[in-house]
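> A single structure is presented below for examination.
The values are calculated or read from the model by the stated rules, or taken from the named source; none is laboratory data. Keep in mind it's a predicted model, so treat the numbers as computed, not measured. So basically every Cβ, Gly included, is an ideal-geometry build from the backbone, and we count neighbours across all protein chains shown. SASA here: full protein model, heavy atoms, side chains in, ligands and nucleic acids out. Shrake-Rupley method; radii C 1.70, N 1.55, O 1.52, S 1.80 Å.
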Amino acid sequence: MSAIVEKLKKNKLARVAKNYIFYVPYSKYYEKLKVDTRVILYESFYGAGMTCGPKALFNELIKDNNYRHVWVYNNEADWKDYFEQYKDVGNVSFVKIKSREYYKYLASAGYLINNSTFPPCYTRKEGQVYINTWHGIPLKLMGYEMPKGNIQVANTERNFLQASYLLSPNAHHTDMYMKSYKLEDILPGKVIETGQARTDTIIGSDRSVVEDKLIASGVKIDKNKKTVLYAPTWKGTDFNNTRGDVEKFEEFYESLKGLMEDNDMQLLIKPHQAIYKKVKASEKLKGLLVSPLFDTNEVLAAVDVLISDYSSIFFDFLVTNRPILFYIPDLSEYRQTRGMYMDIDELPGPATDNIGELSKWLCDIDSAIKAKEEDYRKSRERFCANDDGNVAKRIIDAIFYGNTGRVKVITAGNEKKKIFIALGRALQNGITHSFLSLLNNIDYDKYDVTAYLYEALTPDQEQRMEEINKNVRVLVRTSYNFASIGENIKMAIAMAFNINGAFKKLLPEKMFARQAKRIAGNAKFDAVVEFCGYSPIMAFVFPHLNAPKKSIWMHNDLIADQMRKVNHKRPLKRKMAMIFNTYTDWDRLVSCSHSVMEVNKKNLATSATESKFSFAKNTINYQRVYDCLEEEAVYEGFALPKKEETNFVTMGRFSPEKNHKTLVSAFSEYLKEYPDSRLYIIGQGPLQGEVETQIRELGIEDKIVLTGNLMNPFKLMSMCDCFILPSIYEGQPMVLLEARIVGLPIIVSDFSSVTDSLMENGQYLIKADKDSIIDGLRAYREGRVPKCDFDPKQYNKEAVKEFENAIF
């Protein structure tokens, strides 16, 4: 089943169909419903219970009869006690998550309070106030510092950009928002730093009442015994695919069972809410498990000793001044896979990975914690200084009544210019490598950069997304078709006619504006760059982002690209026609070199766009080339170049404009004169099968090597003697610069935009026909193909300057 799901994810038709089959009515309500400032919507852990920060704020806000309070729930059976508790409270109601009513409240509630994230559709409307309480002080690395952070943060980062207020208990937590989630230069909302509201519940709860509630819920408690709570966090690298090791919980209980009985103690276990359902089926643990429906902070009021690992629960428990023991059997694995903000030696309690040592500590707790008293005191000062039982009151006073004198309000800095740059899918092509290289050459002392990419469909795309410069804030697309059914129909009709003329007026501009706001919230940019240049949807949406300057890139002779045939079809014909018709919506049309600009201007300029054409050559990731040349590369599946032979090499996608078939035909003729030669073709693409057939029919399989895509192509290039690029047309071929860095002589065809790729005495220029290619190959054997020095650092300085001039 999982294989089928993965296949459907990669199928374009299936992805489009999903938007219609699983239509979410949020967009309809977004436009139709007015914001009701008397309604407060609460959601905690995706509807798991009335808990955490939202519950702490609710406990205060319920005292004000001017508001209606709506809680999100996920399961009627689990919530029956809550329904019963509030059945006679007229201003409290409940709504099921992902129901139509839920989406109505998302679109109309005046205040929305969440401790995690709202779904990808949610977009804060004018007049709404979104308060994100988060769900604990982090010990684990968070945000972009997590493994695969660029991919994992997608909807969380999007939610933070939607939020009016992010609540923070202390400076450490504020740093999580600002540094770990890279919000310090762009956050459109505000951070309120004044303590953790959910600790009000610990301080304000009556122990005996809490114990009675636990007993009523099925937990076995003896009020005369000390209560030890074991509360570890979830395991794994993906919150949506956690490990629920039931046996380990059972082993933990069995190991401590006798000790508890002998020392007048009782053990309770609170699995993380992400894995509770996997653990609750255990018969051995019956009567010990605390449900996620029970507010953790209420439970902590009735706990004498806490045992945890790297869960944030221990930060909350610090307010009690009671003992904390750390049992971390997988510490070394966790440090490698996730990482921590504190060293284990700084924890406010002794830590071990040995159950026997933990047992000894429980037998003599006072002695066990004595050596950690100073660490405990420091942690209380660092993390809980503001937790006095009145945190929720201060927050509500600041947000609802505008009295900010008793809280610290933090906003984003405005010193840097802010760039939004979109790539789309991180494919294995020149555009992606140019994108990655550009991001490595931007001055991050001057610029704050947000990069927008589509979700990865393959491991290699994922890898490229993780290669993005660490200074960059990455927004990964969280798919949602933010259109009504009527808007979808209008867009389909307009696109069917390539949005020509009057059909462009059918485009749902309101929807595109909503989509832009959904992606980036109220964030403001100084420049928007659509770097891909081949996506109609991005061309429709990104002119609506909040920025004074918007540029779209032109990586090639676009008319030639539009008319390119692959398997007797023109795959880009309609797509490019649509994009051309959006050029009036952009401030700059930026080609990848001056000569490419001249070609595109000649072919595409209209009276409305003629003044918009500009250029900026692509930067080169020369360090990647140097690093690859230093590496020990292992190539499998083909023979390596022999020193006694003459080895030519080319690199590029198997696509008509690269002219591979003419090159193969020419090389076949050339071999008759110089049989001691070989040609290496690096790359993949739609015409690869045709080229393989051609080579086979010519009987030269031993003379032409198709390597496929290579992680390190440059080491192989360095083993060859000469680089050849016989393209029919190109944009700015970065492979020529890479070949110059490798130090190869170059044969290149005179495609229309070649001028900016030429250097004095730096190449042998040919036509793209068969005879000219043969002439170029002969020229190398006769010593007539030159090579020149190339300074990539100086080149990049010039390229970045052109980029800055083009976008601002």
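> With the full set of protein chains in place, find how many percent of the accessible area of the chain is carbon and sulfur; take the probe as 1.4 Å.
48 percent
> Apply the a/c threshold of 1.5 to the C-alpha gyration tensor of the range 335-380 and tell me whether it is rounded, prolate or oblate.
Oblate, since a/c reaches 1.5 and b/c is not below a/b.
> Next question, about the same structure. Nearest 10 degrees is fine. How inclined is helix 485-496 to the longest principal axis of the chain, computing both from alpha carbons?
The helix 485-496 is inclined about 10 degrees to the chain.
> Go through 29-38, 679-688 and give me the packing order, highest mean Cβ count within 10 Å leading.
Highest-to-lowest ranking by the protection proxy: 679-688, 29-38.
> While we're on this one: Just check the range 608-692 against the gyration tensor rule for me: Cα atoms, a ≥ b ≥ c as the square roots of the eigenvalues, rounded for a/c under 1.5, and otherwise prolate or oblate depending on whether a/b exceeds b/c.
Taking the square roots of the gyration eigenvalues as a ≥ b ≥ c, the range 608-692 is oblate.
> Starting from the Kirkwood Rh over alpha-carbon pairs, what translational D in µm² s⁻¹ does the range 585-730 have by Stokes-Einstein at 4 °C and 1.567 mPa s?
So the translational diffusion coefficient is about 74 µm²/s.
> By accessible area of protein heavy atoms, probe 1.4 Å, what ranking do K617, K190, K284, K418 get, highest first?
The ordering from most to least exposed comes out as K284, K190, K617, K418.
> Accessible area per residue of the range 649-716 at 1.4 Å probe, in Å²?
38 Å²
> Give, in whole angstrom and from largest to smallest, the semi-axes √(5λ) of the equivalent ellipsoid of the range 27-108, with λ running over the eigenvalues of the Cα gyration tensor.
Value: 20, 16, 11 Å, ordered largest first.
> Which of the three applies to the range 416-561, rounded, prolate or oblate, going by the alpha-carbon gyration tensor with a ≥ b ≥ c and a/c under 1.5 meaning rounded?
In terms of gyration-tensor shape, prolate.
> Using alpha carbons only, how many degrees (0 to 90, rounded to 10) separate the axis of helix 52-61 from the longest principal axis of the chain?
Once rounded, one gets 60 degrees.
> Next question, about the same structure. Given the convex hull of the Cα atoms of the range 238-372, what is a quarter of its surface area in nm²?
8.4 nm²
> Return a single number: how many Lys pairs in the range 551-657, at a sequence separation of 8 or more or on separate chains, have alpha-carbon atoms below 30 angstrom apart.
The number of close lysine pairs in the range 551-657 is 20.
> Given the whole protein assembly as supplied and a 1.4 Å probe, what does the accessible area of F540 come to in Å², nearest 10?
That residue has around 10 Å² of solvent-accessible surface.
> Note the per residue figure in Å³ for the convex hull of the C-alpha positions in the range 704-773.
Considering the Cα atoms of the range 704-773, their hull volume per residue is 107 Å³.
> While we're on this one: Along the positive direction of the dipole of the range 575-673 (beta-carbon charges: Lys, Arg +1; Asp, Glu -1; about the Cα centre), which of F648, N600, N581 reaches farthest?
The residue sitting farthest along the positive end of the dipole is N581.
> On each of the three principal axes of the Cα atoms of the range 121-183, give max minus min coordinate, whole Å, ordered largest first.
For the range 121-183, the Cα extents along the three principal axes come out at 34, 27, 17 Å.
> Working from Cα positions, state the angle (0 to 90°, nearest 10) between the long axis of helix 688-698 and the longest principal axis of the chain.
Approximately 30 degrees, to the nearest ten.
> For the range 70-155, state the semi-axes of the equivalent ellipsoid (square roots of 5 times the eigenvalues of the alpha-carbon gyration tensor), sorted largest first and rounded to whole angstrom.
Gyration-tensor ellipsoid for the range 70-155: 28, 17, 12 Å.
> Treat every Asp and Glu Cβ in the chain as -1 and every Lys and Arg Cβ as +1, leave all other atoms uncharged, and give the resulting dipole magnitude about the Cα centre to the nearest 20 debye.
Using Cβ point charges on Lys, Arg, Asp and Glu, the chain gives about 3300 debye.
> Based on the Cα gyration tensor of the chain, what are the three equivalent ellipsoid semi-axes, each the root of five times an eigenvalue, rounded to whole Å and given largest first?
Taking √(5λ) for each Cα gyration eigenvalue gives 58, 32, 23 Å.
> Another question about this same structure. Quote the accessible area belonging to C788 in square angstrom, nearest 10, computed with a 1.4 Å probe and with ligands, DNA and RNA left uncounted.
40 Å²
> Quick one: the Cα spread of the range 654-808 along its three principal axes, in angstroms, biggest first?
Here the Cα extents, ordered largest to smallest, are 54, 35, 30 Å.
> Let's see if you can work this out: charge +1 on each Lys and Arg Cβ, -1 on each Asp and Glu Cβ, no other charges. What is the dipole magnitude of the range 387-472 about its Cα centre, in debye to the nearest 20?
Taking the Cα centre of the range 387-472 as origin, the dipole is about 380 debye.
> Given the range 459-507, report the % of alpha carbon pairs whose separation exceeds 13 Å.
69 percent
> Okay, moving on. Tell me, what is the 1.4 Å probe accessible area of F45, in Å² to the nearest 10?
In the full protein context, F45 sits at about 40 Å².
> Still on this model: Students often get this wrong, so check it: of K658/K787; K182/K393; K125/K393; K257/K286; K148/K715; K257/K284, which have C-alpha atoms separated by over 18 Å?
K658/K787; K182/K393; K125/K393; K148/K715
> Now a separate question. In what sequence, largest accessible area first, do I579, I221 appear using a 1.4 Å probe?
Heavy-atom accessible area, descending, gives I221, I579.
> Calculate, axis by axis, the spread of Cα positions in the range 281-325 along the three principal axes, and write the results as whole Å, longest axis first.
33, 20, 18
> Which residue, chosen from L765, F808, G783, occupies the Cα position most advanced towards the positive end of the dipole of the range 750-808, where the dipole is computed from +1 (Lys, Arg) and -1 (Asp, Glu) charges on Cβ about the Cα centre?
G783
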